[in-house]
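First comes the structure, then the notes that go with it.
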Amino acid sequence: MHPVAKLKQDRAAKLAEAKELNAKADATAEDTAKVDALLAECDALAAQIDAAEKAEAEMAERAAARAAKLAALDEQMAAVPEPKAGRSPIAKVRDMREDDPRRGFRSLGDFGAAVMGAAVPGRALDRRLGLVAAATGLQQGVGPDGGFLVPPEFSSMIWDGLNKSPDNLLSMTDQYTVSGESLTFNANAETSRATGSRWGGIQGYWISEAAQITSSKPTFRQVKIEPQQLAVLCYATDKLLANTAALDQYLGRAAQDEIMFLVNDAIINGNGVGKPKGILNSACRVAVSKETGQAAATIVKANIDKMWSRMHPQARANAVWFINVDTEPQLEQLSQVVGTGGVPVYLPPGGIADTPNARLKGRPVMPIEACATLGTEGDIILADMRAYVTGLKGGIDSAMSMHLRFDYAETAFRFMFSADGQPWLASAITPFKGSNTLSPFVTLATRS
């Protein structure tokens, strides 16, 4: 039986069973619970059916595209005349430069200079630009019709630099590649560790000899990742383009820094509208209240202790403290009372003369620009970034045009990047014992 048909058959059977139980005049509480469970299974099957049908439609569309391409190639081959008698057929020659990810250019600056030269009246078009498609989709290799796509190796160079940067939050997340428009995951629906709620409904029992075992099952929720576009448009003067070495350093650094800045900010502060949903706007974060009588714009040791106590135990080994640099003087003043004196909490054993160890509770402290200023929620965040899922649609799509700012003697570079993200959890977790909720994302509430 076809997989989709089997799913539909199973869903119909469960729906019929639910209707039959619901129609019973003497329905028990167990019957009612079973009806709810069957309806939940029907919803899950419906989601699987929808995903399977979409996948089949995409496969059929790709198969049709391949068939059309093969038919077009057959027509082209049929139009090639037969070789004359006595002559050997000559194979079509392919330009091997197409295999070069640099497309024949020595550097990004060399490519930029060639594009700039294409705008000079009377100057012949650099033959290497004929291997770089027109970014606007107009005639390939005709400079005045539009910009040129940046050769693959130089785009990858910028992307690799972004991905390897030490303060790039994206590289810390649970990252996936999105090949289509979106990616949907079935995620754990657990919100409490209370008995009967773990894994959204799994429950075990201690049983006596020959006793019947009560069944249970987990529940799921869906997490949808739909990459959103981020664009950077920057200009380089003709004078800078003439200096190819400077262009490589300047433009690569500028594009990398701006993309990383926007992605980092979205992961922390994004509202989820046309961009990732950030930690500070997530329903699963835990905000620790300030201490009674605590002064505005301060951090005290009790804040750190309570933030740590609200970090989920399974998330602690990978947790990182993200801070705004404004908080560092407060952290350096933290001390632990010992007898009639005290010892520093944040400073290294050698005191202020030594390099700060930048650790709290044994976990690293990382200053980032996306954190709020001192005294505002988000100035210090304790986070396990593995609990934040991101989806990327390829690397950086880059193009270059000399026409947009021609009258300013500047060349435009455009970089586009698609990404989305959100925390895996929909809410904080209620512990098995105790009332204080736990989370992989803990903040300190505003102190004003």
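If you go through the stretch 9-19 and keep only what is among the charged types (D, E, K, R) and modelled with pLDDT of 85 or more, you end up with ARG11, LYS14, GLU17, LYS19. If you check TRP206 against the conditions, is it surrounded by 12 or more Cβ atoms within 10 Å (Cβ to Cβ) and free of Cβ contacts under 8 Å to residues at least 24 places away in the same chain? In short, no. Number of residues in the stretch 14-49 that are among the small types (Gly, Ala, Ser) and surrounded by fewer than 13 Cβ atoms within 10 Å (Cβ to Cβ) equals 5.
Checking the stretch 410-426 against the condition returns no match, with no residue being of a type in the set (Lys, Arg) and either under 15 Å from ALA315 (Cβ atoms) or modelled with pLDDT of 85 or more (or both). Among the residues of the stretch 429-448, those that are hydrophobic (A, V, I, L, M, F, W, C) and surrounded by fewer than 23 Cβ atoms within 10 Å (Cβ to Cβ) comprise ILE429, PHE432, LEU438, ALA445.
Can you find even one residue in the stretch 230-245 that is in a loop (DSSP other than H, G, I, E, B) and outside the structural domain of GLU41 (by TED's automatic domain parsing)? Scanning the stretch 230-245 turns up at least one residue that is in a loop (DSSP other than H, G, I, E, B) and outside the structural domain of GLU41 (by TED's automatic domain parsing).
Once the stretch 249-275 is narrowed to residues that are closer than 22 Å to LYS224 by Cβ and in contact with a Phe, Trp or Tyr (Cβ under 9 Å, 6 or more places away or on another chain), the residue that is surrounded by the most Cβ atoms within 10 Å (Cβ to Cβ) is ILE267. Could you go through the stretch 315-322 and let me know if any residue there is surrounded by 15 or more Cβ atoms within 10 Å (Cβ to Cβ) and part of a helix (DSSP H, G or I). Yes; the residues of the stretch 315-322 include at least one that is surrounded by 15 or more Cβ atoms within 10 Å (Cβ to Cβ) and part of a helix (DSSP H, G or I). Within the stretch 197-206, identify whether any single residue is within 31 Å of the chain's Cα centre (by Cα), within 30 Å of MET59 (Cβ to Cβ) and part of a loop (DSSP other than H, G, I, E, B), and answer yes or no. Among the residues of the stretch 197-206, not one is within 31 Å of the chain's Cα centre (by Cα), within 30 Å of MET59 (Cβ to Cβ) and part of a loop (DSSP other than H, G, I, E, B), which makes the answer no.
The values are calculated or read from the model by the stated rules, or taken from the named source; none is laboratory data. None of these values were measured; they are calculated from a predicted model. Glycine also receives a Cβ, built like all others from the backbone with ideal geometry; neighbour counts cover every protein chain displayed.
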